[in-house]
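Chemist: Here's a structure for you.
The values are calculated or read from the model by the stated rules, or taken from the named source; none is laboratory data. This one's a predicted model, so the numbers in the text were calculated from it and none came from an experiment. Here the Cβ positions follow ideal geometry from the backbone for every residue, glycine too, while neighbour counts run over all protein chains shown. The protein model used for the area step is the full one, side chains on, heavy atoms only, and it has no ligands, DNA or RNA in it. Shrake-Rupley method; radii C 1.70, N 1.55, O 1.52, S 1.80 Å.
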2 protein chains.
Amino acid sequence: MPTEQHFPDPAVLDRFAAIVGESHALRDPADIAPYVTERRGLWPGATALVLRPGSVEEVSAIMRLATETGTPVVPQGGNTGLVGGQSPDIGGGEIVLSLSRLNRIREVDLASNTITVEAGVVLQTLRDKADELDRLFPLSLGSQGTAQIGGNLSSNAGGTGVLAYGNTRELCLGVEVVLPTGEVFDDLRKLKKDNTGYDLKNLFVGAEGTLGVITAAVMKLFPKPKGREVAWVGLQSPKDALALFTLASERAGASLTAFELIVDAPLAFVLKHIPGSVAPLSSPHPWHVMLEISSGRSAEDARALIEEILSEGFEAGTVSDAVIAASLAQAESFWRIRESMSDAQRPEGGSIKHDISVPVASIPDFIDAAWQAVLAVEPGARMVCFGHMGDGNLHYNISQPVGGDKDAFLALYRPINDAVHDVVRAFDGSISAEHGIGRMKRDELIATAPPVAIDLMRRVKAAFDPAGIMNPGKVI
Amino acid sequence: MPTEQHFPDPAVLDRFAAIVGESHALRDPADIAPYVTERRGLWPGATALVLRPGSVEEVSAIMRLATETGTPVVPQGGNTGLVGGQSPDIGGGEIVLSLSRLNRIREVDLASNTITVEAGVVLQTLRDKADELDRLFPLSLGSQGTAQIGGNLSSNAGGTGVLAYGNTRELCLGVEVVLPTGEVFDDLRKLKKDNTGYDLKNLFVGAEGTLGVITAAVMKLFPKPKGREVAWVGLQSPKDALALFTLASERAGASLTAFELIVDAPLAFVLKHIPGSVAPLSSPHPWHVMLEISSGRSAEDARALIEEILSEGFEAGTVSDAVIAASLAQAESFWRIRESMSDAQRPEGGSIKHDISVPVASIPDFIDAAWQAVLAVEPGARMVCFGHMGDGNLHYNISQPVGGDKDAFLALYRPINDAVHDVVRAFDGSISAEHGIGRMKRDELIATAPPVAIDLMRRVKAAFDPAGIMNPGKVI
């Protein structure tokens, strides 16, 4: 933490505040606090000013003034990011631009299956709206009650719906972006095919607010499945899970809408720490898969398909035990177990987390190799691996030894991180599959990515934000 | 055409030739001819040298020398592009870099469902290879017997498989690119989720070789459908087609693998000019749809689904008549009709073509509005509209009046083009849905796209190719 903080000139702050009006310009430390802290208490920040603009014109005026005065701006959505991409640094010189008040649904086009939303629309609100319209918006995250679509776009959020529907990037047809100069790049199109020049949309999506401020987007809607079935499966190994995944993909194609792999520990943690949790299967298994099948045709169709997959899995010997949720309530209870895993890990002490991806076929070998690498650092470590196996994406988390010292374990953060990430790189994987780079992984990205890639990214950054005022210190 | 041509210094040409060896450096005009003409005879070009490198190292050495000597380079695949993006200008100062010899399939990973191919692999070869592996590579184009995957990527090719599987962009997981400096950007990853910095892959895909030379890519493979059914449907209007599309999407979801809209004229042209063609339906209809359903489960499943959709369409009154192909041979004959439409249009005289997209819901209104605009220019014009309605993409072609003068009609190229494209813009559509910009639409793009977008594209171009040696005069 720097010993000195440098806040912008108060006269400049007054000019920023005048754009949004005093009631939407927060300067009181108590009002500011929620914008400079995040729920895990990592990445503390400081700012003299949080601006809550109510229109694209105000965002544009803010960025114009930021360019004029050289004031760094940190765009922020629901503040649920896990890599510190949404918070200002501790120096106090950056101002926070909250998109929360840009929360209108601008247009619904059911025939084109699109919805045009502003950045501050909460993901759950968007999901509910789609549901009301008899459509599905498939992006689904643990933090969806707070996360905003602008943040989801800026971090190219993943979650459990990626397998069939894609990342946030793939759900987006067009964006509206305020550039660092205040100019508005209006590309709010609904087109599935458009080959008119460079793909600028995909540059802004996933840029974590370092190239411009996404203020609105055209998102895809999907037909709501008529049938949905969830099964909980017990297996002996990740290898069996891979065989089951291959089988399920072949049989179900795009009807396979979730395939989550879970080792025994996180299930045990949920059963122990989350009140009301019930084990889906009667006996313990070393590994589990949660499988979802959706059908556009009927509930019976989804049921027949999931039964076919599971019985073939039994015959092939890859499935040890399985239960299909008998009711919507039971299906929801399975999902609740899956979504409670992060919370349930907390009472087990120190945890060192990894958000990685490797080619799907490498998942079993990766798990083995990473585990050997972790054990070499801490023989008492516990593997708390769970995640979106169908996407090659695992939350390969490590909990401290039972009864061990938390601080001593957390002191191993760097060596365990390095050990796991070295294995990720050996498998041509990604050290940030779905959470992004932010502040957390910036140094590691720069140190370990191919220099050519870093050079190209720097050229993009310099081309779009030559003054370096857009969310500095993040990504690159 | 310029009156003078300026060829590079022969000493420089010798240095280029030395990189690939004389046998792969073409200098004889007869050898060069196929690389500077394209099949329709548009966009004639001239060059003193065609280089056919055999390795990425040679491509890299060529670009290094191009940077050193300031020599412009035009990358070329199968030379099937429709907008002149792959040919050198007539001035003679540009050299052609053919990727045809980079035609290895580097790796197949069936468990990850990926195939890593070099740029010069012919699309049909890739499709056949996937088929051999009991997989599907869904990119499908009229020119697939000649087009190469590097060109498909550079132009983000579309075709008939986009509805369920996406554009070429969506089929690609990673790229290897030689930059203008000769540096190699190796991003040949197989990851479905990777949030480590800016999305550089999507910048190179669709850039038509103006930012670098794609030398290899990791492409997705899909399970081969177990059942596939094709129906030919007669309808009264595009509005009925839209209703049928909505119904089919809801019922079939991702199993709806093609939805092509066809007005009466192009079918009549095929029946008249393409020997062996047979009308799918016994009576004429003003509009037609060709519909394909694929099932990952079984042939019976695909059959049941397509029957359900068609019978619901009959009940709703949107379908006038329909026939499901009774055999693979009949299905192929339906597809052949669809794919012969460009050829069948030729004997009907002059043709003015448009590759446009609008939001799917706007297709009926667009067709009406564009038709009024065309008739205002030439009352005798004939609408030869067909295309990928499910993607909002139509080949909105116009044939000359029956018995009229071809040259007089072609003299209307600009006013008819402007008329149609003005309507496209009024519907927030794209003037190049799947063919790209190349030389053909560059001036129009620059004149009509929002200046902010053009400015951002120019910044990208300058950041990646500051010397302007990568395929100059194309896109931007």
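Chemist: Take the alpha carbon atoms of the range A:97-113, find their center, do the same for the range A:5-56, and report the distance between the two centers in whole angstrom.
Modeler: Centre-to-centre distance over Cα atoms comes out at 24 Å.
Chemist: Taking the label point as lying 7 angstrom from Cα along the Cα-to-Cβ axis, what are the distances from B:Asp131 to the corresponding position in the remaining copies, in ascending order and in nanometres?
Modeler: Here the equivalent label points are 4.6 nm apart from this one.
Chemist: What is the range B:105-223 by shape, rounded, prolate or oblate, if you read a ≥ b ≥ c off the alpha carbon gyration tensor as root eigenvalues and call it rounded for a/c under 1.5, prolate for a/b larger than b/c, and oblate otherwise?
Modeler: prolate
Chemist: Here's something else I'd like to know. Taking the mean number of other Cβ atoms within 10 Å as a proxy for protection, how do you rank B:263-271, B:70-78, A:374-382 from highest to lowest?
Modeler: Final packing ranking: B:70-78, B:263-271, A:374-382.
Chemist: Please compute, for peptide B:151-160, the average count of beta-carbon atoms on other protein chains lying within 10 Å of each residue's beta-carbon.
Modeler: 1
Chemist: Under 20 Å between alpha carbons, and skipping anything fewer than 8 positions from A:Lys406 in its own chain: which aspartates and glutamates qualify?
Modeler: Output for A:Lys406: A:Asp343, A:Glu348, A:Glu378, A:Asp418.
Chemist: Once you order the gyration tensor axes a ≥ b ≥ c over the Cα atoms, which shape class does the range B:227-338 get: rounded for a/c under 1.5, otherwise prolate or oblate by comparing a/b with b/c?
Modeler: Verdict is oblate for the range B:227-338.
Chemist: Copy-to-copy spacing for B:Leu271, label 7 Å out on the Cα-to-C-beta vector, in nm, shortest first?
Modeler: 6.9
Chemist: Over chain B, what is the mean sequence separation of C-alpha contacts under 8 Å (at least six apart), divided by residue count, expressed as relative contact order in percent?
Modeler: Dividing the mean separation by the residue count of chain B yields 15 percent.
Chemist: Give me the percent of accessible area attributable to carbon and sulfur for the range B:349-435, probe 1.4 angstrom.
Modeler: 53 percent
Chemist: If you build the convex hull over the alpha carbons only and average its shadow over all orientations, what do you get for the protein assembly as shown? Give it in nm² to one decimal.
Modeler: Computing the convex hull of the Cα atoms and averaging its projections yields 40.0 nm².
Chemist: Explain nothing, just the number: relative contact order of the range B:323-476, from Cα pairs under 8 Å at least 6 residues apart, as a whole percent.
Modeler: Relative CO of the range B:323-476 lands at 25 percent.
Chemist: I need the peptides A:443-453, A:162-172 ranked by packing, meaning the mean over residues of other C-beta atoms within 10 angstrom, with the highest value on top.
Modeler: In descending order of packing, they fall as A:162-172, A:443-453.
Chemist: Rounded, prolate or oblate: pick one for the range B:268-333, where a ≥ b ≥ c are the square roots of the eigenvalues of its C-alpha gyration tensor, a/c under 1.5 means rounded, and failing that, prolate if a/b is larger than b/c, else oblate.
Modeler: Taking the square roots of the gyration eigenvalues as a ≥ b ≥ c, the range B:268-333 is oblate.
Chemist: Can you list the copy-to-copy distances for A:Gln5, using a point 7 angstrom from Cα toward Cβ, in nanometres, shortest first?
Modeler: For A:Gln5, the inter-copy label distances come out at 6.9 nm.
Chemist: Of the heavy-atom accessible surface of the range A:1-153 (probe 1.4 angstrom), what whole percent is carbon and sulfur?
Modeler: 51 percent
Chemist: Hydropathy first: keep DSSP H helices in chain B averaging at least 0.5 on Kyte-Doolittle, then drop any whose Cα extent along the axis falls short of 18 Å, and list what survives.
Modeler: Span-like helices here: B:363-377, B:451-464.
Chemist: Considering every pair of different Cα atoms, what Kirkwood radius, in Å, is found for chain B?
Modeler: After inverting the pairwise mean of 1/r, the radius is 23.5 Å.
Chemist: If you count, for every residue in B:250-257, the Cβ atoms of partner chains within 10 Å of its Cβ, what is the mean?
Modeler: Across B:250-257, the average partner-chain Cβ count within 10 Å equals 5.
Chemist: 222 nm [θ] for chain B, helices only, -39500 (n - 2.57) per DSSP H run of 4+, per residue, to 500?
Modeler: Helix-only estimate at 222 nm: -11000 deg cm²/dmol.
Chemist: Kindly provide the pair-distance distribution of the range A:10-98 built from C-alpha pairs, with 5 Å bins from 0 and whole-percent values in order of increasing distance.
Modeler: Computed distribution, short to long bins: 3, 15, 28, 26, 17, 8, 2, 0.
Chemist: Work out the mean other chain Cβ neighbour count within 10 Å for the residues of B:205-212 and drop it here as an integer.
Modeler: Neighbouring Cβ atoms belonging to other protein chains average 3 per residue here.
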